[in-house]
Amino acid sequence: MITKHLNSSIAGVIDVAVNYLLKGELVAIPTETVYGLAADASNIDAINKVFQVKSRPINHPLIVHISDVNDLQFWAKNISDDILNLAANFWPGPMTILLEKKDSVLNQITAESPYVCIRIPNHSIALSIINKLGRGIVAPSANNYGFVSPTSAAHVMSDMSGKIPLVLDGGQCSFGIESTIIDCTSSNIKLLRPGSLAVYEIEKILGKSINIPTQTKKRFSGNLVNHYQPNTPLLLKSSKEVDELILDKKQNNYGFMLLQRRNFNSQNIIYMPQKSSEYAHNLYSTLRYFDSLKFREIILELPPDSNDWLAIHDRIYKSSHK
Ligand code: TXA
Ligand code: MG
């Protein structure tokens, strides 16, 4: 299959994408977090194709993306005032909520779970596609399973070319890491995946703190499944360890993703932004870039341990080789 890579500003491109979705085909689309691999959420064959194309195990459920908060009740039950309040404040935006699913939601989406994840993305292309299709789409990150998520259409092409008919190019994703997932299946709201929306923003709106699993700081998922991983081994190092390594004569074999400025520059050093939101924006693209240079290892200088960096810590621990 030849994959078309079209600029999303071309006239008629939304219709082209929707026609593919109606035929049960997959289309990669930009969102504000990462690129998504979209399929019609009412079509079992199309959903199965998502798992095949990504080589994703079928027990990894998918997020349903909708365009209007009024559609929430089509997908989910027991929608509390807290949930409506969060939706009113953060949608469209990088927040995904886990709720009890309606019986009509396909079990292939939720991996047989009675709960479903839902979000409204804040991207005009994604929203136009959902509106025109007239129903929800599933959209996991448009990368091969376990690999680094894509934040540009070029990233998607390198993983999906030949496997899907269309990639819509909307430029770089503004956030650069995935949405924050919160479990809203009880009044005790829990963080399931730290992400682009900061926990303190959610807490501010709720007027109460949410439950953050204790292992979050280090290995959020609690499982050591390789995820978000470049092919090149990624090693996380303290600033002191970086200082030692960088003096090593063999430094050309390594790519360095540094935070503290040191008094030399070289092609194999990238100074990452000091601000966590900007760091997040560049993280996956830098990992993919260094991966393409085929270093022996990528050395990443650990960011601060503060809450601002929670989602970044989660992703770099999962990306690193244990
Ligand atoms: O920012 C994002 O959320 C992006 C963009 C494309 O919207 N999507 C994304 O999807 O990150 P994906 O499939 O790469 O990650 C979805 C995560 C998975 O870790 C999955 O386990 C969790 O959401 N998830 C989805 N449905 C779930 C469910 N019913 N129960 C528990 N976890 C669920
Ligand atoms: Mg993913």
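The values are calculated or read from the model by the stated rules, or taken from the named source; none is laboratory data. All values reported here derive from a predicted model rather than from experimental measurement. Because the Cβ atoms are built from the backbone with ideal geometry, glycine has one as well, and the counts that use them run over all protein chains shown. Note: accessible area is taken over every heavy atom of the protein model, side chains too, but ligands, DNA and RNA are not part of it. Shrake-Rupley method; radii C 1.70, N 1.55, O 1.52, S 1.80 Å.
Observations on the model:
- Divide the volume of the convex hull around the Cα atoms of the chain by the residue count and you get 129 Å³ per residue.
- For L84, the accessible area of its heavy atoms, probed at 1.4 Å with every protein chain present, is near 80 square angstrom.
- E203 accessible area, 1.4 Å probe, all protein chains in place, Å² to nearest 10: 50
- Of S266, S42, S80, the one that fluctuates the most in a GNM where the chain has Cα springs shorter than 10 Å: S266
- K4 long-range amide H proximity, modeled H, under 5 Å: L166, V167
- Rounded Å value of the spacing that divides the Cα centres of the range 176-210 and the range 285-322: 23
- Take the chain with all the other protein chains still there, run a 1.4 Å probe, and you get 44 Å² of accessible area per residue.
- Taking amide H as placed 1.01 Å from N in the peptide plane, the amide H of F256 sits under 5 Å from that of I269, I270, I299, each at least 5 places away or on another chain.
- Shown for the chain: the carbon plus sulfur share of the solvent-accessible area, taken with all protein chains present and a 1.4 angstrom probe, equals 50%.
- Relative to the Cα centre, the charge distribution of the chain, modelled as +1 at Lys and Arg Cβ and -1 at Asp and Glu Cβ, gives a dipole magnitude of about 720 debye.
- Using a Gaussian network model of the chain in which every pair of alpha carbons under 10 angstrom is joined by a spring, one finds that among L168, L26, L258 the greatest mean-square fluctuation is at L258.
- Sequentially through the range 288-297, phi angles give Karplus couplings (6.51, -1.76, 1.60; θ = phi - 60°) of 5, 4, 5, 4, 5, 7, 6, 5, 5, 8 Hz, Gly and Pro residues having no value and appearing as x.
- Globularity index of the range 1-125, i.e. its alpha-carbon radius of gyration over 2.2 N^0.38 Å: 1.09
- Note on the chain: with a GNM built from Cα contacts shorter than 10 Å, the maximum mean-square fluctuation among L287, L247, L106 falls on L247.
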